[in-house]
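Enquirer: After the structure tokens below, expect a handful of questions from me.
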Amino acid sequence: MTERVVLAYSGGLDTSVAIGWIAEETGAEVIAVAVDVGQGGEDLDVIRKRALACGAVEAAVADAKDEYAEEYCLPAIKANALYMDRYPLVSALSRPVIVKHLVAAARRHGATTVAHGCTGKGNDQVRFEAGIAALAPDLTCIAPARDYAMTRDKAIAFCEDKGLPIATTKKSPYSIDQNVFGRAVETGFLEDIWNAPTEDIYAYTQNPATPREPDEVVISFEEGAPVAVDGRPVTVLQAIQQLNERAGAQGIGRIDMVEDRLVGIKSREVYEAPGAIALITAHQELENVTVERELARYKRGVEQRWSELVYDGLWFSPLKRALDGFVDEANRHVTGDIRMTLHGGRAVVTGRRSEQSLYDFDLATYDTGDTFDQSAAKGFIDIYSLSSKIAAQRHLRTRPDGNRT
């Protein structure tokens, strides 16, 4: 029986060439799988037909936009997930849902190998292969660009030699990855970290310096999930899409950073994530109102670790699953409304309301009606500072050389 390889297929030059390349290198039949996570571009049926024309024995496409939003983006919103406190995991979140569909296709078609188009220098190779190892440890992985030195020049030559039905135009100076949660741009002149980004690299956001009227929006949450925008019910996907449009029009969500890649190098990345940044900002503020202090403090450490695990390709790991349970429990009371002003590249919270609020006006006010017992504060401070006071007394009894007086 002929071996079969499932290929993560984008419809572009590199993965189209990979179909025939893999067949020649391995003798295997190739099944192309394209997954729609809201990246836009060509119609999925056009992509499917191109895969078949390039030599795939089977081609499957999956509309996973809602699945991606509900099962991958929503947990990130609940976790306030920002790698290195800035990056909302745009590419890292999409890889596990693609992996899930690749593994399902491998089982369905009896494939023994999964292939992807990553190089040997980035994070995505790890995300694909660690995810596949977690879901299907019996499958093997190959990457033509990494394992067979399939350079772009070789890919163009192969395409022209075989007469494949795909354009071999000059490559964009940038490497771009995008989905409904955001857009990532790297390489080209951006590799010189002194060079400022130019307006032509942006697609999801308008220039925040352009004068325009502010946009006020109210986002409603239930147990950490966005459920309405300006009072109109939305799915998670619709919330992201609507905030992409409205926050993007105000230039919100542009991120220019040098980040620590998993493979050990630093890389300059430019991101656009208007919907993600607006939703996470709103969610963080609603947590400030509804989450108890000690839980909130502990959750901040969990958020960082959760983000690192997802960035590092460990979505399906035992620790990540365990942290998911904590994040869900921490969001149990994160229900209410956040009003924000979107303007000049910033999403600024201007109002909060929640039936689950821990904010007590009568305790917080300094005016008439204050119910806080201020007389209790002195004794609290005496006890709270007692250990530091005792240590300070010891210090005063001790000379700088460590000898007692």
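The values are calculated or read from the model by the stated rules, or taken from the named source; none is laboratory data. Quick caveat, the model's predicted, so the values are computed rather than measured. Positions of Cβ are generated from backbone atoms using ideal geometry, with glycine treated the same way; all protein chains shown enter the neighbour counts. Only protein heavy atoms, including side chains, enter the accessible area calculation; ligands, DNA and RNA are left aside. Shrake-Rupley method; radii C 1.70, N 1.55, O 1.52, S 1.80 Å.
Enquirer: Full extension from TYR359 to ASP138: what is 0.36 nm times the residue separation minus their Cα-Cα distance, to one decimal in nm?
Expert: Contour length minus Cα-Cα distance gives 74.3 nm.
Enquirer: Continuing with the same structure: If I stretch the segment between TYR384 and GLU71 completely, what's the gain in nm (0.36 nm per residue apart, minus their alpha carbon distance), one decimal?
Expert: Length gained, TYR384 through GLU71: 108.3 nm.
Enquirer: Would you mind telling me the share, in percent, of accessible area of the stretch 234-373 contributed by carbon and sulfur at probe 1.4 angstrom?
Expert: Carbon and sulfur atoms account for 50 percent of the accessible area of the stretch 234-373.
Enquirer: Sticking with this structure for a sec: At PHE189 and ILE265, where each label point lies 7 Å from the Cα along Cα→Cβ, what is the point-to-point distance in nanometres?
Expert: 2.2 nm
Enquirer: Once you mark the chymotrypsin sites (Phe, Trp or Tyr not before Pro) that are in a DSSP loop and have at most 11 other Cβ atoms within 10 Å, what is the longest gap between them in the chain?
Expert: 1-193
Enquirer: Which label marks the calculated value of Cα Rg over 2.2 N^0.38 Å, given the options [x] 1.20; [y] 1.01; [z] 0.94?
Expert: [x]
Enquirer: Determine the distance separating the Cα centre of the stretch 266-322 from the Cα centre of the stretch 1-58; give it in Å without decimals.
Expert: Taking the Cα centre of each part, the stretch 266-322 and the stretch 1-58 sit 34 Å apart.
Enquirer: Per residue Cα convex hull volume for the stretch 201-358, in cubic angstrom?
Expert: 125 Å³
Enquirer: Whenever you get a sec, line up GLU160, GLU71 from highest to lowest accessible area (probe 1.4 Å, protein heavy atoms).
Expert: GLU160, GLU71
Enquirer: Also, I was wondering about something else. Working with all protein chains in place, sort CYS54, CYS141 by solvent-accessible area computed with a 1.4 Å probe, largest first.
Expert: The residues order as CYS141, CYS54, largest area first.
Enquirer: For ASP370 and GLU222, FRET efficiency with R0 = 41 Å and r from the beta-carbon atoms, rounded to 0.05?
Expert: With a Förster radius of 41 Å, E is 0.80.
Enquirer: How about the stretch 7-56: which GluC sites (Glu not before Pro) there are in a DSSP loop, with at most 13 other Cβ atoms within 10 Å of their Cβ?
Expert: GLU42
Enquirer: Student exercise: in the chain, how many lysine pairs 8 or more apart or on different chains have Cα atoms under 22 Å apart?
Expert: For the chain, the number of qualifying lysine pairs is 18.
Enquirer: Over the stretch 195-276, average the accessible area per residue using a 1.4 Å probe and give it in Å², no decimals.
Expert: 44 Å²
Enquirer: On the accessible surface of the stretch 157-219, probed at 1.4 Å, how many percent belong to carbon and sulfur atoms?
Expert: 52 percent
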